[in-house]
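A short reminder: the numbers here are calculations on the coordinates, not readings from a lab. Since the structure is predicted, the reported quantities are computational estimates derived from the model, not experimental observations. Neighbour counts run over all protein chains shown; Cβ positions are idealised from the backbone, glycine included.
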Amino acid sequence: MNSVPKNARILDVGCGNNSPFRVKSQRPDVFYVGLDVDNYNQKVNPNCYADQYIIVSSKDFVEEIGKFYDSFDTVISSHNLEHCERQDELLAAMLKALKKGGRIYISFPCEESIHFPRRRDTLNFYDDSTHLRVLNFNETINKIKSYGFVIDFAVKRYRPFILFLAGSILEPLALILKRNMPFGSTWAFYGFETIIWASRREKV
């Protein structure tokens, strides 16, 4: 969150897992809009933290984001795209929601995850029954660029060294328990997560 400008407007697409609480606790200066199809894993009331909290049906998801054209400094899409039926339209809507100079932060399971071992908490793409379609890394990059964005950072299989090392040490235990180890260490060991950061340079 340190790279988000002061007093920025943030759109968090798929804002489950206490995201409103976590973002506003770290950055109370931002104007935070959370958008989701349900109250997913919200241990604290998101309405107490989000400046605007929107629950919308999956069929209206893209259209709801489309209302925010050219409105935000930052868009976050953390493990959301793989759950959506209209992935291309959703990606376009999120990109168009950014102001010039704005930045998008995207993460989703890597293509190779369809071959990973099955684990509780999701390691193989198909461990999560709500996952619909694997995204192609190069195609996603090219689509983002086609909307006038510059790629600031992109890695197909994110493997930060400390977490990778921890994951490699804990992997025998993970195999026995058939579950992921804490702090994303198993994800880091396998390189489960694709991460893309991009900035808008042109009018969409």
(message) Checking the condition under 30 Å from K99 (Cβ atoms) and surrounded by fewer than 17 Cβ atoms within 10 Å (Cβ to Cβ), which residue from I196, I162, I176, I151 passes?
(response) I151
(request) Considering each residue of the stretch 110-154, count those that are touching a Ser or Thr at 6+ places or on another chain (Cβ under 7 Å), in a strand (DSSP E or B) and over 22 Å from D70 (Cα atoms), and give that number. (result) 0
(message) Can you find a residue that is more than 23 Å from L81 (Cβ to Cβ), part of a strand (DSSP E or B) and in contact (Cβ under 8 Å) with a residue 40 or more places away in the chain anywhere in the stretch 169-180?
(response) yes
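Name the one entry in S168, S113 that is among the hydroxyl-bearing types (S, T, Y) and surrounded by fewer than 18 Cβ atoms within 10 Å (Cβ to Cβ).
Answer to the selection: S168.
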(message) Being touching a helix residue (DSSP H, G or I) at 6+ places or on another chain (Cβ under 8 Å) and either under 27 Å from Y190 (Cβ atoms) or part of a strand (DSSP E or B) (or both) is the requirement here; does L91 meet it?
(response) yes
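Could you tell me which of the residues K24, K43, K6, K99 is more than 30 Å from N124 (Cβ to Cβ), out of contact with any helix residue (DSSP H, G or I) (no Cβ under 6 Å at 6 or more places or on another chain) and assigned to a loop (DSSP other than H, G, I, E, B)?
After applying the criteria, what remains is K6.
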(message) A97 - would you say it is free of Cβ contacts under 8 Å to residues at least 60 places away in the same chain, closer than 25 Å to N138 by Cα and among the aliphatic types (A, V, I, L, M)?
(response) no
(request) Give just the number: which of (1) touching a residue at least 12 places away in the same chain (Cβ under 8 Å); (2) closer than 28 Å to R86 by Cα; (3) surrounded by 13 or more Cβ atoms within 10 Å (Cβ to Cβ) does R22 not satisfy? (result) (1)
